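Single-structure report; data block below.
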Amino acid sequence: MRNLLRWETALVFLLIVVALTGQVSTDGSFLSGGNLFYLGLDIGEIALIALPLTLVIVAGEIDLSVASVLGLSSALIGWLWNAGWPLETILPTVVVAGALCGAFNGLLITRLGLPSLAVTIGTLALYRGLALVVLGDTAVADFPASYTAFGTTPVPGTNIPYPIVLAAVLAVLFGIALHASSFGRSVYAIGANEEGARFSGIRVKRIKLTLFVLAGAVAAIAGIVYTFRFSSARADNGVGLELAVVAAVLLGGVSIFGGKGSLFGVLAGVLLLGGLRNLLILQDTSTEVLTIVTGLLLLVSVLAPSVTRRVGSLRKATP
Amino acid sequence: MTAQLDTATAPPSARRTAARRLSTRVGRVRELGIVVALALVVIPTAIVNPRFIQAQSLRDLLLNASIVALLAVGQTLVVVTRNVDLSVGSVLGLSAFLTAQQFADHPGTPLLAGIGLGVAIGLACGLLNGLLVALGNVPSLVVTLGTLYVFRGIDYALAQGRQVNAANLPDALLDLGSSRVLGIPVLVLITVVVIAVAAVYLRSYRSGRELYAIGSNPEAATLAGIPVARRTLTTFVLSGLIAGLAGALWVARYGTVDAAAGTGLELQVVAAVVVGGVAIFGGSGTVAGAALGALLLGTITSCLVVLQIPAFWQQAIAGALLLSAITVDRLLALRLAKALRTSEGTSHA
């Protein structure tokens, strides 16, 4: 636990370093309201999906299909809109569809006992494939401005983008669920020792199923945000986003083996990833460098605990 | 009731052989299943369009599947040890671009030296993956997810938007991609040789068998004195090396290469391996099965084209196929476990 706290302290420290470096190297425009608005927009979907994915990974599972659910929900929005449905009906339908995608993952994993890695690689292809089947390679872009404004304008009087408000509200809910409820304690227990959790009467399968349903539903919400942000419903929206989300969650100090991590750390991880990317963009760094940085951050975040453990044991060994 | 009586009266050794028979059958059923699936896909397509089974189109079929099959061989070595290498698509891309650039910038490069460069690049990438996984004690899923980004990023950074065209490549290389020996494309022959070598290694060599032991139970393998870290490192090096070779062959096959070559290929490869009966949690599976899995996925793609089904369906079908493969595997494994339990129970009695 102490190790974990140290990791989060390090993250906050890194965040401050990035913010100060950004502020100095861009002559103060990094922390300006306008730039923070774009930074917020840029990390909106990642922040949203990272919330349920944290719970999934803490429970010792993984969901790689989230970005495909995002794409499928975007494609569904376009398809239903073309079919003449009103958006008030489309949006709840899409969230339900996302929850169903998550339930399908969860049922295969809990009822058949299949590894979540294999299942969600399969549904990554399946859901993206369904998105292509639904919408093909066309784009639907004629959404009313009153809706797309949610993805492109800040909350009046502030510089806060709407997706961040949404993510903040959900973050509070997920934070309470993970850190202040028996449900959350069960999630940690499952991740730490699934067998032990089952013998202490925790309904392991039901809780895991719930987590996958939540991941699907929130990924669909992220799909809505994505669609309105770019005013474009496409089947290939958010391709590869699962990597960025997993990177952010692990960077936030969640153990890929389950049982460890906090939502606060993950939010810091999302901010750090987004902040670094934003800073690099401000300095006209090419997108390929961004890709390398994301990958390196992921590697560093998983190697760091292992390295500190090794250094720690060395220090213990030498009196 | 009768089953119970049967169990009680049958001599324990007979029950054990029965269980063993079932386990061999389960092993075989998978490769047979893929062959049946292939037939189910090919025959209706051939009826609709007889040209589908002409020599030329069969050659194309094998040619299209061969690069994924190659990668699937390397992936099998890794997956058997309960790891996964998601970076193969990026390694292929990096190797393909650098190989193509070498040939284009230095027209005098001997064919084998150029291909050797691709293989060496793959080997270096694989070595990095292997060192991180084996020494860093970090799950391979995360490591190779990270290097997937890093290698692809390096690829884009080096390419800077350039593209190498077939016109700048030596004929010897392009011939390699199109020439045939006894009617069989050279690329397919290379793939078959790699499959055969890997199959013999996994089947008959001590270190090959040890890979299965590691995948079945890493702790037990360590206790049995198997150098787990070194074997794991080797599998990643081999996977990288094969991806590097596949990159060089990609250039020979397609002629035009930019930094995006092989993007997303890792999913096809993992799908092929899993469909081919390699358990994602290690310990079982063959390279032949994985290669057949690659052939099946490639064939389905071609059939969709011939049957004029929109290509959009392809990805959904690949995903559904992967899911049904792991589901069937799981159900078979459950049956097998039950059968083994029964036989064990009687042998104790």
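The values are calculated or read from the model by the stated rules, or taken from the named source; none is laboratory data. This is a predicted model, so every value here is computed, not measured. Using ideal geometry, Cβ is built from the backbone for each residue, glycine included, and neighbour counts are taken over all protein chains shown. These accessible areas exclude ligands, DNA and RNA; they are computed on the full protein's heavy atoms, side chains included. Shrake-Rupley method; radii C 1.70, N 1.55, O 1.52, S 1.80 Å.
Computed quantities for the displayed model
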{"quantity": "Residue-normalised accessible area of the range A:94-234, expressed per residue, 1.4 Å probe, Å²", "calculated": "42"}
{"quantity": "Distance between the range A:10-36 and the range A:66-140 - C-alpha centres, whole angstrom", "calculated": "36"}
{"quantity": "Mean ellipticity per residue at 222 nm, deg cm²/dmol - from DSSP H runs of n ≥ 4 across chain B, formula -39500 (n - 2.57)", "calculated": "-27000 deg cm²/dmol"}
{"quantity": "Stretch gain in nm, segment A:THR308-A:ALA103, where the contour uses 0.36 nm per residue and the Cα spacing is subtracted", "calculated": "70.0 nm"}
{"quantity": "Positive minus negative residues near B:GLU266 (Lys, Arg vs Asp, Glu; Cβ under 13 Å)", "calculated": "-1"}
{"quantity": "Largest to smallest principal axis extent of the C-alpha atoms in the range B:59-183, angstrom", "calculated": "45, 36, 22"}
{"quantity": "Cα-Cα separations in the range A:32-239 greater than 23 Å, expressed as whole percent", "calculated": "46"}
{"quantity": "Choice from B:THR327, B:THR144, B:THR235 showing the highest fluctuation, given a GNM over chain B with Cα pairs closer than 10 Å", "calculated": "B:THR327"}
{"quantity": "Relative contact order computed over chain A (Cα-Cα under 8 Å; 6+ residues apart), in percent", "calculated": "33"}
{"quantity": "Distance between modelled label sites at A:LEU112 and A:THR21, nm, 7 Å Cα→Cβ extension", "calculated": "4.6"}
{"quantity": "Sites B:TYR212 and B:ALA120, calculated FRET efficiency, Cβ-Cβ separation with R0 25 Å, nearest 0.05", "calculated": "0.30"}
{"quantity": "Pairwise label distance in nanometres, B:LEU112 with B:SER178, each label 7 Å out on the Cα-Cβ vector", "calculated": "2.5"}
{"quantity": "Two-decimal Rg/Rh across the range B:95-152, once Rg and the Kirkwood Rh are taken from alpha-carbon atoms", "calculated": "1.13"}
{"quantity": "Net length gained if the chain between B:LEU336 and B:THR222 were fully extended (0.36 nm per residue, minus Cα distance)", "calculated": "38.4 nm"}
{"quantity": "Using alpha-carbon coordinates, inclination of helix B:55-80 to the longest axis of chain B, degrees", "calculated": "60"}
{"quantity": "Interface area, B with A, accessible, probe 1.4 Å, both sides summed, Å² nearest 100", "calculated": "3400"}
{"quantity": "Net charge of neighbours whose Cβ lies under 14 Å from the Cβ of A:THR287, counting Lys and Arg as +1 and Asp and Glu as -1", "calculated": "-2"}
{"quantity": "At least 50 Å² accessible surface lost relative to isolated chain, residues of the range B:251-298 (1.4 Å probe)", "calculated": "B:LEU267, B:ILE280"}
{"quantity": "Sites A:THR89 and A:VAL155 - FRET efficiency at Förster radius 35 Å, r taken between beta-carbons, to 0.05", "calculated": "0.85"}
{"quantity": "Apportionment of accessible area to carbon and sulfur, the protein assembly as shown, percent (1.4 Å)", "calculated": "67"}
{"quantity": "Range of Cα positions in the protein assembly as shown per principal axis (Å), largest first", "calculated": "78, 71, 69"}
{"quantity": "Gaussian network model of chain A, Cα within-10 Å springs - most flexible of A:TYR127, A:TYR147, A:TYR162", "calculated": "A:TYR147"}
{"quantity": "Estimated vicinal HN-Hα couplings, Hz - the range B:167-172 in sequence order (Karplus 6.51, -1.76, 1.60; Gly, Pro = x)", "calculated": "4, 8, 9, x, 4, 4"}
{"quantity": "Proximal charge balance of A:ILE202 [Cβ under 12 Å; K/R count +1, D/E count -1]", "calculated": "+4"}
{"quantity": "Charge dipole (the range B:24-341, unit charges on Cβ, about Cα centre) - positive-most of B:ILE326, B:HIS106, B:ASN129", "calculated": "B:ILE326"}
{"quantity": "DSSP H segments from chain A that extend 18 Å or more along their own axis, Cα-based, with Kyte-Doolittle mean of -1.0 or above", "calculated": "A:2-25, A:33-58, A:66-82, A:87-111, A:116-135, A:162-179, A:204-229, A:263-282, A:287-317"}
{"quantity": "Compactness of the range B:24-341, expressed as Rg and Dmax over alpha-carbon positions, Å", "calculated": "19.5, 65"}
{"quantity": "Choice from A:SER29, A:SER73, A:SER301 with maximal GNM fluctuation in chain A (Cα, 10 Å cutoff)", "calculated": "A:SER29"}
